[in-house]
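Engineer: Pasting a structure here, questions to come.
The values are calculated or read from the model by the stated rules, or taken from the named source; none is laboratory data. Just so we're clear, the structure is a prediction, and the values are computed from it rather than from any experiment. All Cβ positions, even for glycine, are placed from backbone atoms using ideal geometry, and neighbour counts span all protein chains on display.
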Amino acid sequence: MKINKWYILLFLISVMISAVSQVILKKSAGKTYTNKIREYLNIPVIIAYALFFMSSLLTVLAYTQVPLALGPVLETTGYIWVSVLGVLFLKEKIGRRKIIGMIIIVIGIIIFNVR
């Protein structure tokens, strides 16, 4: 079966969009709100959940052409996206263990695709 590279790219974009929404939710969780309803019904949280929904739709579309065995492998790139976005937007530090983990993820993706 020939794999359409555009659908793989679409899958990776959906994973990136999901990571962006996770960072938005994490940033929103660090704020103090006047009541419980405001914690869940504010613009950043609504945008983040809309992005999650869009990411899910793109993933379903991508699975029409991406083999089921490849999906979870591509999904692991989310760990890399979240780490990079955390550094950029949340000023988090990436330690040696995270870097080693990201390298292992990339090596695993390469090994899976070389077969």
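Engineer: For the stretch 64-74, check the following and say yes or no: at least one residue is in contact (Cβ under 8 Å) with a residue 24 or more places away in the chain, touching a helix residue (DSSP H, G or I) at 6+ places or on another chain (Cβ under 8 Å) and loosely packed, with under 11 Cβ neighbours inside 10 Å.
Structural biologist: Yes.
Engineer: Okay, moving on. Find the helices (runs of 4 or more DSSP H) located wholly in the chain whose residues include 1 or more that are of a type outside the set (D, E, K, R) and more than 17 Å from the chain's Cα centre (by Cα), and list them.
Structural biologist: In the chain, 5-29, 36-40, 43-62, 96-114 are the helices (runs of 4 or more DSSP H) which contain 1 or more residues that are of a type outside the set (D, E, K, R) and more than 17 Å from the chain's Cα centre (by Cα).
Engineer: On to the next question. Taking the condition of a type in the set (Ser, Thr, Tyr) and loosely packed, with under 11 Cβ neighbours inside 10 Å, does residue 77 pass?
Structural biologist: Judged against the criteria, residue 77 is not a match.
For (1) surrounded by fewer than 12 Cβ atoms within 10 Å (Cβ to Cβ); (2) at pLDDT 95 or above; (3) of a type outside the set (Gly, Ala, Ser), each residue gets a yes or a no:
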site: 28; (1), (2), (3): no, no, no
site: 35; (1), (2), (3): yes, no, yes
site: 43; (1), (2), (3): yes, no, yes
site: 54; (1), (2), (3): no, yes, yes
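Engineer: Which one of the conditions (1) free of Cβ contacts under 8 Å to residues at least 12 places away in the same chain; (2) surrounded by fewer than 13 Cβ atoms within 10 Å (Cβ to Cβ); (3) not basic (Lys, Arg) does residue 92 fail to meet, given that it meets all the rest?
Structural biologist: (2)
Engineer: Could you give me the residue pairs with C-beta distances under 9 Å whose first residue belongs to the stretch 13-29 and is over 16 Å from residue 74 (Cβ atoms), whose second residue is crowded, with 19+ Cβ neighbours inside 10 Å and of a type in the set (Ser, Thr, Tyr) wherever it lies, and which are 6+ apart or on separate chains?
Structural biologist: 20/55; 21/55
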